[in-house]
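What follows is a single structure, written as structure tokens, with notes after it.
The values are calculated or read from the model by the stated rules, or taken from the named source; none is laboratory data. Everything numeric here is computed off the predicted structure, so don't read it as measured data. Cβ atoms come from the backbone with ideal geometry, glycine included; neighbour counts cover every protein chain shown. These area figures cover heavy atoms from the full protein model, side chains too; ligands, DNA and RNA do not enter into them. Shrake-Rupley method; radii C 1.70, N 1.55, O 1.52, S 1.80 Å.
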Amino acid sequence: MPVRFVDLEAQRDSLGDQVQQAAIEALSRTDWILGSEVELFEQEFAGYCDAHFAIGVDSGTSALELALRAVGVGEGDEVITAANTFIATAFAIAHAGGSIRLADVSPETSTIDPDAVEAAVTERTKAIVPVHLYGRPAEMDALQEIADRHGLAIVEDACQAHGARYKGRRAGSLGTAAAFSFYPSKNLGACGDGGAVVTSDPEVAESLRLLRNYGQREKYRHEIVGFNRRLDTIQAAILRVKLRHLDAWNASRARHAERYSELLAGSGVELPASAASGEHAWHLYVIASSERDRIQSGLSELGIQTGIHYPVPIHLHEACSYLGYQRGSFPVAERQAETILSLPMFPELTSAAVAHVAESIAPIVAGSDARSPDSSGAAETASQSARRLA
Ligand SMILES: *Cc1c(COP(=O)(O)O)cnc(C)c1O
């Protein structure tokens, strides 16, 4: 049984024509730039996140950059983020004019280690960007304590954590501001690029509205050097439809995660730490094993797609070599890059598929040949499209 890593067709089919209908209506209205659907989505998404404001932008990367600018990050300000994250987290700091400072992640949670953050703070530090990696909220109490003590802003990278909670509070309401991505495969995904910044601070919200729209509050009155980074109206209309399904989708993800953990117990791989019920958004279900490459290729031969999030820690990318870190600088993130494996995860995954994936792993770890005779052709296409999606 081939299993995709993420199956966007399954989501499209489950929604019937609701998404197409919303898109066609938005298309026919002609208010394509900052139209009524953008404002409605912003209100609904802010409400969903238990925050006062959401400002729609054109991607998660823009959301991070503009949020950093809005909380006051500028030339030379240091911003601390995790060594294991998607590259956009680090790039956004540089785009905002800040200097990237990395901190290692905790081995148990894969989120930024508060002790490492404390050690990285200097007089020039302006903000912390904790990443709710894989949908698991970072250790916000400890980070907030550090931020308060040093007078730092916190911008949550919630791009993988739509609907996650930390001690009952929604991701998006935990820092000064939070950045979300609506890239199609995220827990809440558009049919194209999109993003939002969520905040309860009216000044930060106002600053973001200027930043995303040429620095203008009134047409042709430009108060600051702004950008064109607006959320597309048609995508906002689509996101309004999908937002109504987000809680049910996250509940399915949580069921799949629980089932994976039950079935993989004793298989010889490391399982993700469990989380309080309803807190982890399970964007990804990530196991770890020193046999990672063998497991990945064994699964691929069975037509089961997997991913690695991420195969290269931030400091070891060529683009970040100027930061001056080396191999060995962040041992936990480096070790994770060599051992982690993301299993298929999307709401419409069937329990049979979850069981098939989980039950295929132990024999590979044990070294036996679990290959089915006619799966190699499918396996190639599977791993090719897994690379495309990652
Ligand atoms: C997806 C993602 C981003 C970037 O979002 P885009 O919409 O692709 O620009 C940033 N950080 C993390 C952790 C992400 O997963």
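Kindly indicate whether Arg165 is away from the ligand (no atom under 16 Å from the Cβ), charged (D, E, K, R) and touching a residue at least 60 places away in the same chain (Cβ under 8 Å). Let's see the steps before the verdict.
Working: away from the ligand (no atom under 16 Å from the Cβ): yes; charged (D, E, K, R): yes; touching a residue at least 60 places away in the same chain (Cβ under 8 Å): yes.
When the stated conditions are applied, Arg165 passes them.
Filtering segment 180-209 down to residues that are within 12 Å of the ligand (Cβ to nearest atom) and among the small types (Gly, Ala, Ser), which residue is farthest from the chain's Cα centre (by Cα)?
Gly192
Against the conditions (1) surrounded by 24 or more Cβ atoms within 10 Å (Cβ to Cβ); (2) part of a strand (DSSP E or B); (3) in contact with a Cys (Cβ under 9 Å, 6 or more places away or on another chain), where does Ala90 fall short? Just the number, please.
Unmet for Ala90, out of (1) surrounded by 24 or more Cβ atoms within 10 Å (Cβ to Cβ); (2) part of a strand (DSSP E or B); (3) in contact with a Cys (Cβ under 9 Å, 6 or more places away or on another chain): (2).
I'd like the full set of residues that are closer than 22 Å to Ser181 by Cβ, out of contact with any helix residue (DSSP H, G or I) (no Cβ under 6 Å at 6 or more places or on another chain) and in contact (Cβ under 8 Å) with a residue 12 or more places away in the chain, limited to segment 93-127.
Answer for segment 93-127, where residues must be closer than 22 Å to Ser181 by Cβ, out of contact with any helix residue (DSSP H, G or I) (no Cβ under 6 Å at 6 or more places or on another chain) and in contact (Cβ under 8 Å) with a residue 12 or more places away in the chain: Ile93, Gly97, Gly98, Thr109, Ile112, Ala127.
Which of the numbered conditions does Arg292 fail, given that it passes all the others? Conditions: (1) surrounded by fewer than 22 Cβ atoms within 10 Å (Cβ to Cβ); (2) over 30 Å from Pro2 (Cβ atoms).
(2)
Which numbered condition trips up His317, out of (1) open to solvent by 50 Å² or more (accessible area, probe 1.4 Å); (2) away from the ligand (no atom under 16 Å from the Cβ)?
Unmet for His317, out of (1) open to solvent by 50 Å² or more (accessible area, probe 1.4 Å); (2) away from the ligand (no atom under 16 Å from the Cβ): (2).
Would you confirm whether any residue within segment 17-31 is away from the ligand (no atom under 16 Å from the Cβ), under 23 Å from the mean Cα position of the chain (by Cα) and exposed (fewer than 14 other Cβ atoms within 10 Å of the Cβ)? Write out each step before concluding.
Of the residues in segment 17-31, the ones away from the ligand (no atom under 16 Å from the Cβ) are 17-31.
Remaining after also requiring under 23 Å from the mean Cα position of the chain (by Cα): 19.
Still in the list and also exposed (fewer than 14 other Cβ atoms within 10 Å of the Cβ): none.
No; the residues of segment 17-31 include none that is away from the ligand (no atom under 16 Å from the Cβ), under 23 Å from the mean Cα position of the chain (by Cα) and exposed (fewer than 14 other Cβ atoms within 10 Å of the Cβ).
Answer yes or no: is there a residue in segment 126-133 that is charged (D, E, K, R), in contact with a Ser or Thr (Cβ under 9 Å, 6 or more places away or on another chain) and on the phi < 0 side of the Ramachandran plot.
No, there is no match, as no residue in segment 126-133 is charged (D, E, K, R), in contact with a Ser or Thr (Cβ under 9 Å, 6 or more places away or on another chain) and on the phi < 0 side of the Ramachandran plot.
Is it the case that some residue within segment 269-281 is open to solvent by less than 10 Å² (accessible area, probe 1.4 Å), within 16 Å of the ligand (Cβ to nearest atom) and out of contact with any Pro (no Cβ under 6 Å at 6 or more places or on another chain)? It would help to see each step written out before you state the result.
Going residue by residue through segment 269-281, those that are open to solvent by less than 10 Å² (accessible area, probe 1.4 Å) are 281.
Checking the rest, the ones that are also within 16 Å of the ligand (Cβ to nearest atom) come to 281.
Next cut, out of contact with any Pro (no Cβ under 6 Å at 6 or more places or on another chain) only: 281.
Looking for residues that are open to solvent by less than 10 Å² (accessible area, probe 1.4 Å), within 16 Å of the ligand (Cβ to nearest atom) and out of contact with any Pro (no Cβ under 6 Å at 6 or more places or on another chain), one finds at least one in segment 269-281, hence yes.
Go through segment 87-133 and give me each residue that's over 23 Å from Ala319 (Cβ atoms) and of a type in the set (Asp, Glu).
Glu108, Asp113, Asp115, Glu118, Glu123
Could you tell me whether Ala138 is on the phi < 0 side of the Ramachandran plot, assigned to a helix (DSSP H, G or I) and either more than 16 Å from the ligand (Cβ to nearest atom) or buried (at least 17 other Cβ atoms within 10 Å of the Cβ) (or both)? Walk me through how you get there before you give the answer.
Working: on the phi < 0 side of the Ramachandran plot: yes; assigned to a helix (DSSP H, G or I): no; either more than 16 Å from the ligand (Cβ to nearest atom) or buried (at least 17 other Cβ atoms within 10 Å of the Cβ) (or both): yes.
Criteria not met by Ala138.
Say we look at segment 43-69 and pick out the residues that are within 16 Å of the ligand (Cβ to nearest atom) and part of a loop (DSSP other than H, G, I, E, B); which of these is farthest from Ala23 (Cα to Cα)?
To start, the set of residues in segment 43-69 that are within 16 Å of the ligand (Cβ to nearest atom) comprises 45, 54-69.
Narrowing further to those that are part of a loop (DSSP other than H, G, I, E, B): 58-59.
Details: Asp58: 17, Ser59: 19 Å.
Here the answer is Ser59.
For segment 1-42, how many residues are part of a helix (DSSP H, G or I) and either among the acidic types (Asp, Glu) or over 17 Å from Leu243 (Cα atoms) (or both)?
From segment 1-42, those part of a helix (DSSP H, G or I) are 8-14, 18-29, 36-42; that's our starting set.
Retained after the next criterion (residues that are either among the acidic types (Asp, Glu) or over 17 Å from Leu243 (Cα atoms) (or both)): 9, 13, 24-25, 27-29, 37, 39, 42.
Adding up the residues that qualify gives 10.
From the list Gly56, Gly72, Gly60, Gly35, which residue is open to solvent by 10 Å² or more (accessible area, probe 1.4 Å) and either within 21 Å of Gln160 (Cβ to Cβ) or of a type in the set (Gly, Ala, Ser) (or both)?
Working: Gly56 fails: open to solvent by 10 Å² or more (accessible area, probe 1.4 Å); Gly60 fails: open to solvent by 10 Å² or more (accessible area, probe 1.4 Å); Gly35 fails: open to solvent by 10 Å² or more (accessible area, probe 1.4 Å).
Just one listed residue meets the conditions, Gly72.
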